[in-house]
Each structure stands twice: as structure tokens, then as C-alpha cells.
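Contents: one structure, followed by commentary.
The values are calculated or read from the model by the stated rules, or taken from the named source; none is laboratory data. All figures in this text were calculated on a predicted structure; none of them were measured in a lab. When we count neighbours, we look across all protein chains shown, and the Cβ atoms used for this are built from the backbone with ideal geometry, even at glycine. What goes into the accessible areas is simple: the full protein's heavy atoms, side chains included, and nothing from ligands, DNA or RNA. Shrake-Rupley method; radii C 1.70, N 1.55, O 1.52, S 1.80 Å.
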Amino acid sequence: MSLDVTQILLSAQSADGSIRKHAEESLKQFQEQNLPGFLLSLSTELATNEKPEESRRLAGLILKNALDAKEQHRKNELFQRWLALDAGVKAQVKALLLQTLSSPVASARSTSSQVIAKIAGIEIPQKQWPELIGSLLSNIHQVQPNVKQATLETLGYLCEEVSPEAVDQDQVNKILTAVVQGMNASEGNSEVRLAATRALYNALGFAQVNFSNDMERDYIMRVVCEATQSPDVKIRQAAFECLVAISSTYYDKLATYMQDIFNITAKAVRGDEESVALQAMEFWSSICDEEIDILDEYSSEFTADSDVPCYYFIKQALPALVPMLLETLLKQEDDQDLDEGAWNLAMAGGTCLGLVARTVGDDIVPLVMPFVEENITKPEWRHREAATYAFGSILEGPSADKLTPLVNVALNFMLSALVKDPNNHVKDTTAWTLGRIFEFLHGSALETAPVITAENCQQILTVLLQSMKDVPNVAEKACGALYFLAQGYVDAGSASPLSPFFQDIVQSLLMTSHREDAGESRLRTAAYETLNEVVRCSTEETAPIVMQLVPVIMMELHNTLEAGKLSTDEREKRSDLQGLLCGCLQVIIQKLGGMESTKFAFLQYADQMMDLFLRVFACRNATVHEEAMLAIGALAYAAGSNFAKYMAQFYQYLEMGLQNFEEYQVCAITVGVVGDLCRALEDKILPYCDGIMTQLLKDLSSNQLHRSVKPPIFSCFGDIALAIGENFEKYLIYAMPMLQSAADLSAHTTATDDEMLDYTNQLRNGILEAYSGILQGFKSSPKTQLLMPYAPHILQFLDALHNGKDMDDSVMKTAIGVLGDLADTLGVNAGPLINQSTSSKQFLDECLSSDDPLVKESADWARIAISRAVSG
């Protein structure tokens, strides 16, 4: 099949839609009919210097996409597809790619680097392409800088794609030597030096052994620190990025270098270009993150022998570090409050100061307060704003004892500034700081005397409600402050100091959400989030006002559904608003449906509400579906078995949600709502169970569904079994094998990192909740014998979990509960099996002596059930 590939690739970038579409179709057809020929044509295009740059770049991009994808299941398919190709074809493609590294065209070299790394990511772990690293390293000795630069770039990408275990140490040493030599100041070509510095960033994960060797580590650190002084700004930035990565990967190896690093970072923060200064600052934020994590581990009782000691670098650097950070706060940009994604030196300085405060606690206060006092009343707005920002940044970390007296003095000043300061920046930061005061120094959990009293509460509210009429960015921060003010009263019982002002607060928030400019600075979203928090924290006394809110919010939702033809932009705005309104109704449903005094009156609205939610599902938008689904879950919980009358209409949307693999959050939330429905409807859910179970089983066996949805699906089996009891019989032959294979997998997973361990424990918990629900569902039914064949496997799973020693408390509680359920439901039949189980006795004893009261309670119950089963 002879195609002019160059022309097709150029046409695929044409401005004319029909030409573009035709070219894309031709490429797709070529790929499907002759994959080897397709990949060879693209590699030849990329390797041929006479071809146009545009067609070469696209050829490389398509090659890259033929080897990798974002979704894990697609990635695996592409890996397998490449590995299955004829060896001769693969060798030709690889040779053409390596040849492209010496092309005079920079974009062709760079694209080729990425494709080589993708192939290496597939082949090197399979012990294929062993000669690649050697042939790349031999390029380093080439005279032409462009070949050197492209080779270093390739080595960098390769380290990103391949895991360190797949490369033997000898090759790692050679890669690092090549990279660090390329970074050396003696390297005359700045493109080569930049590529080497960026490659080191990716190669740091490979350097464990080298960083444990003093001489090698000293050499690497010296070269990185020298590169931060390069005349080329990109090299300086890349070198600081390496330092940031080193600070988190090799924190425990930094002690001897800290003084030098302080000097070079301080110089960069004070005098270098912003892109470099920001990275220099990031180094200190990163050290704070490390020390906060280590100190957190110290304080949690069971890991007093933390793997990494804390070197207290921040504490030692405080006297020099804090003044440097405070200086940056005065480098604000004029319109930074209006730009959502703004990030500059002043913001980075405040963020770092906040992290320092969390790292060292009280010690920071005396270093910051003089700056605050000196600048807070100066005529130039930058000084007032910096002083306010500094104060707000140190409110999390130090003790309430240390901060409360300062806040008591500052509060009146801040309230006055929020109304009277002529500058918007100052008002914006003042409102943010008030929010931080209410977040960290207000609430029933604090031991100290309250910052907010009956005397100043009214003044605070008056100022915040007035500020909600200010420009959008200030109003948005005022809403945020009110949010935390309300949150602090969540446990106030019946006597919330906000009650007398409740009507005014709700009115102001609704008015704010209706402002013409509420679309700016996230103002509308903030107003609704705050309204939700105010409702959530309200008391019985103000329930009538919340009740009046119901028809208001319903009317607003109704109006969004009546809108005629809308542009794409208007449709997006409408979806955002619908999501906010459904979220608001969800909170109101939980509040009013959860109080006996209001439940009956509130449920008069249920029909209209359900009608609105069903109409919302007709609009195609994932976020809105999530919010409507959550609201329906809350309504089902409030309405109980009366919800059955809505099921016929609602079921199709429930099924749609369970089928929504792409927007897996919607799927996860829908699974949660199935649980709510089971608890509300009990056996009235039976007519819908075939459809629900079919869909859940499909979800579990799909490799396209995000793994985070699988644990809740398992626990949903338990919810269904509890609701329909022995009617679950017909699903046992499908559900139990799935549970067993997932149980085997999760019992024998050795988690390589915290994220994996968390997921494994979530999965175990989901499986155990399923077993628990199924066992309880069959209790005192004549059909309990149906579960006997599964009992040995359940006990094996519990044994494996106990022997694995990596359960968290919630899994432990559920696991001992399942042991109890097994004994309770199967009675004397389970006795002999429990006696044979190798670790159930030991496991029970451990849980009985647990510090966690929930684990202990679960174990007490299990002990009684087991002793009945065993002695019977």
C-alpha cells in the first residue's frame, strides 16, 4: 500500500477541517491494516532530515501514542501489542530512532528521545534491548553538541520511564557519570548542560547507592550547587529543581550541605529572576514538608522509631530563614488577587512561612511579630498587606496559648481594616487572615479562652456581611471567613451565638450568590459553600428558617431547568449553578430530614424535589450528576421505605450511573447511593436487585473501571444482602467467587508504598464488609447452610490478614466482626472450623487488648458469639 505519508501527516495538521478529518481517517486505516508498515513509515519520516519539520514532529507524536496511554488497561494493551511485533520490525524502528538523535533539527531529536524512552520502558523490564544504554553512552563522547544534548535528554526520559530495579547498578553508575559530567561547568555548550541538569532530575531515583557513598554524593552535590550559579537562567532553574527533588528523596543525607544551600538559595531568592527564586524558595518548603511528616510520625505513638531522624534543619535556619521569607512578602504583584492561577514570590514566601510555622510551632512567633507590628500601619499598601499576610500565615502550628493573646489584640484592628482600608489587596488578605483565625483558634476543641465571645460576635458578623458586598475577591474571602466562623459552632448544641443573626446571614449569602459579578473570583461557589456550612451547623432553634430556604432553592433549581437555548459557555455556567443548588439541597435534606421536629413537614417537599432531581439527570453533565445523586441518597435516607414510590422512575438513572466507567466518581457515588437505598428500602429494593447486581458484577470484571470504585462495590454486596436477606441466595454463585479471588489477591499484596497500602486496606475492608453483610443477612434463616461451603475460605482470608501484619485499625475492626458474624450465623457448624483456624484465637486476643475502643467493642461481641459456637 503506497501512501504519501508526508502529505497525509501535513494534511492532518491542516486548518481545513475536512482535509484534516480525511487525513486522520487514512492514518487510522493504515495503522489498523498494517501496523508494522505504519510504525516503520513513521520512524522513517522522523529519521529523514529532508522531510518537513511539521510532518516529522507529528510522526514522532503518533509513534509515542502508539506505545503509551493514560488509562492503565489501554497502556497494557499497547505494551503487549509492541512486544508481539516481529523482532526485525522492532529492530528497524529502534535503529531509525537512534539515528534521529543526531539530526540537526532540535524538535526531531527531542521527539525521538521521548519515543526511545517509551520503548525502553516496555522492553528493559522484559530484559530486552540490553545494548540501548551502552549505545547511548557511547554517543556522549561525540564531538557534536547536538548529539550529546539529545542523548542526555534521552537518558533523562529513560530514567522517568524505567523503574530503578530494572537497571543494574553498573549501568546506573555510568548513566550518572555521563549526566553529572554533562552538568559540569567545564561543559561549554549550555544546551548540553541544561539537558544534563534536567536528566539528573529524573535520574535521582536511581542514585540511592551513589548518595550513600560520601565521595560520590559530595561530587553530585557540588556539581548541582555550581549549576545554580550558571549564567544561563534555565540551567539555574533546573539546578534548583534538582535540589528540591534531592531535599525530599535524600533528606537524611543533607546535613553537611545545608549552610552552603542556605547561602545559594538566599542569594537566588533575593536577587535572581522569579522563575529561579521560586525554585530556591521551594527547597525550603520541601524541607518543611519532610520535617512535618517526620514529626507527625514521632507524635503518633507506634512509630517512635521513625525510619528517618529529624535533623531540625528549619529550626536551625530560623533566625536567617524567617527574615528572608518576610522580605519576599513585600514583592506583591498589583493584580495577583484577581488571577486565579497567580503564583509569585510573595505568595510563595507566605506559603513557605506557613509551612515553617507548622514545622517549628511557637518558635516562629517572636521572629514574625515585630515585622507585623512595624508594617501594619504604614501608609504604603504593600507594607500593610505583607504584615497581614505574615500574621495570617503563622496561625497554624503555634499553640493556641501563644497565639490567643495576639489574636485578641489583632481582631479589632483587622475588622476595622476590612471595612476601612482603602486598598483591595489589604482587604482581601485581611479577610483571609480572619478566616484563618476562625479556622484554627475557634471551636469547641480548644482549651483556651474563646477568641469569639458573645460581645464581639455581632461586630464580627456585621463586618463580614458588609464585606460580602465588596469587590468579588474580597467578598469571596469574607464568605470563607464566615464559613469557618459557622464551623466553629458545629458542636454548640442548642445555644449557637449565630442563631439571632441566622436570618440575616442566610439573606446575605443568597444576595451574594445573585450578584451580577458572582461568577468572578469563585464568589458564587463560595457563597453556596458557606450557606451549606451555615445550614449544617444550625440548631433546632433556626430550623424554621432553614425550612423557608427549601422552596427558595427549589425554585432556583427549577429556573435553571427552564432556560432555553444556551451557548456552550452559558451551559457550563448553568451546570455549575445546578451542581451548587443540588449540593445545597443535599445539606438541607440531611439537616431537616435528620431532626424529628422537622422531618415530617420537610418530607412534604419530597415529591417536588425528586421531580427536580430527575430532570437534572436529563442534562448531560458529570459534576451535576454527582451532586444530584448525593442529594437523592440523602433523600432516600430521610424518606426511608416511602422512597420506594420513586424507584420506578429513578432506576434508569441509577443504572446509568453504575455504567459510567469514564466518569468513575459518578460511578463510585452511585454505588454509595445503592447502599443508602438498601438501608432505606430494605426488602422493597428486591425488584431492582437483579439489574443492580448484574451491573455491579460487570463493573468488577471490567478492566476499564478505576480501581478506587472496586472496594465500595464489594461493601455494596453486603448492603444488598442485609436488605434482602436469604433472597441473596441466587447471587451467591456469582458474588462469592469474585469475593474469594479479590480476597486472595488482597491478602497477598505486599504494598510498595503508602498509597498502595491504603488501597489494599480499602479493598480488604470492602471484601470484609461484603462477608459481614452476607453472613448477617442469612442469620436465623433456614438457608444458612448455603454459606457453609464458603466458611473455610473466609477463615483462611482472616488468617492471612492476621499473619500479614499490615492491617489498619478499620480493617482489624471489620475482620474481627466477620469472625463474630461467622460464629453467630453458622453457630455450632462453624465451631470446628474456628477451632482449626490457625490464628483466630490469637487474633481475638490481640483485638480484645486493642487501644482502639471500636476494635475492642467488636472483639467483645465476637468473643461471645465464638464461645457459643465452639461450646455448642
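Please turn the phi angles of segment 628-633 into ³J(HN,Hα) values with the Karplus equation 6.51 cos²θ - 1.76 cosθ + 1.60 (θ = phi - 60°), one per residue in order, whole Hz, x for glycine and proline.
5, 5, 4, 5, 5, x
Using the Karplus curve 6.51 cos²θ - 1.76 cosθ + 1.60 with θ = phi - 60°, what ³J(HN,Hα) values do you get for each residue of segment 40-49, in whole Hz, with x for Gly and Pro?
5, 4, 5, 5, 5, 4, 5, 7, 8, 5
When the accessible area of the chain is computed with all protein chains present and a 1.4 Å probe, what percentage of it is carbon and sulfur?
For the chain, the apolar C and S fraction of the accessible surface comes to 51 percent.
Amide H to amide H, which residues 5 or more places from T838 or on other chains are under 5 Å from it, using H placed in the peptide plane?
none
Taking a probe of 1.4 angstrom, what is the accessible area of K477 in Å², to the nearest 10?
Roughly 50 Å² of K477 is accessible to a 1.4 Å probe.
For mean projected area of the Cα convex hull in nm², which listed value, (i) 41.9; (ii) 70.5; (iii) 45.4, comes from the coordinates shown?
Working out mean projected area of the Cα convex hull in nm² from the coordinates points to (i).
Give the aspartates and glutamates whose C-alpha is closer than 15 Å to that of K253, dropping any in the same chain fewer than 8 places away, or say none.
The qualifying aspartates and glutamates are D214, E216, D218, E290, E291, D307.
Leaving ligands, DNA and RNA out of it, work out the accessible area of K21 with a 1.4 Å probe and give it in Å² to the nearest 10.
Roughly 130 Å² of K21 is accessible to a 1.4 Å probe.
Work through the residues other than G725 whose Cβ is under 11 Å from its Cβ and net out their charges, Lys, Arg +1 and Asp, Glu -1.
That sum, taken over residues with Cβ under 11 Å, equals -2.
Taking R0 as 22 Å, what's the FRET efficiency between H22 and E54 from their Cβ-Cβ distance, rounded to 0.05?
Efficiency computed from Cβ-Cβ geometry: 0.80.
Within segment 704-736, list the chymotrypsin sites (Phe, Trp or Tyr not before Pro) lying in a DSSP loop whose Cβ has at most 13 other Cβ atoms in a 10 Å radius.
none
For segment 706-871, what number of Lys pairs, 8 or more residues apart or on separate chains, have alpha-carbon atoms under 20 Å from each other?
Within segment 706-871, the lysine pair count is 8.
For segment 431-501, what number results from the quotient of the Cα radius of gyration and 2.2 N^0.38 Å?
Cα-based Rg divided by the globular estimate yields 1.07.
Give the peptides 11-18, 380-387, 661-668 in descending order of average Cβ contacts within 10 Å, highest first.
Order by mean packing, descending: 380-387, 661-668, 11-18.
Per residue, how much accessible surface does the chain expose to a 1.4 Å probe? Answer in Å², no decimals.
44
I need the peptides 414-423, 811-820, 758-767, 459-468 ranked by packing, meaning the mean over residues of other C-beta atoms within 10 angstrom, with the highest value on top.
811-820, 758-767, 459-468, 414-423
Take every Cα-Cα pair in segment 342-392 and report what % of them are more than 18 Å apart.
32
Can you give me the solvent accessible area of T784 with a 1.4 Å probe, rounded to the nearest 10 Å²?
Accessible area of T784: about 20 Å².
What's the ranking of 25-33, 829-837, 153-161 by average number of surrounding C-beta atoms within 10 Å, highest first?
Result, highest mean Cβ count within 10 Å first: 153-161, 829-837, 25-33.
Please tell me which of these pairs span more than 24 angstrom C-alpha to C-alpha: K469/K591; K70/K573; K28/K127; K420/K477; K64/K90?
K469/K591; K70/K573; K28/K127
How many percent of all Cα-Cα pairs in segment 706-871 sit more than 19 Å apart?
Within segment 706-871, distances greater than 19 Å cover 51 percent of Cα pairs.
Would you calculate, for the chain, the mean residue ellipticity at 222 nm contributed by helices, counting each DSSP H stretch of 4 or more residues as -39,500 (n - 2.57) and dividing by all residues, to the nearest 500?
The helix-only estimate for the chain comes to -23500 deg cm²/dmol at 222 nm.
Residue by residue through segment 775-790, what is 3J(HN,Hα) from phi via Karplus (6.51 cos²θ - 1.76 cosθ + 1.60, θ = phi - 60°)? Round to whole Hz and write x for glycine and proline.
In residue order, the calculated couplings are 5, 5, x, 8, 4, 6, 9, x, 9, 4, 4, 4, 8, 3, x, 8 Hz.
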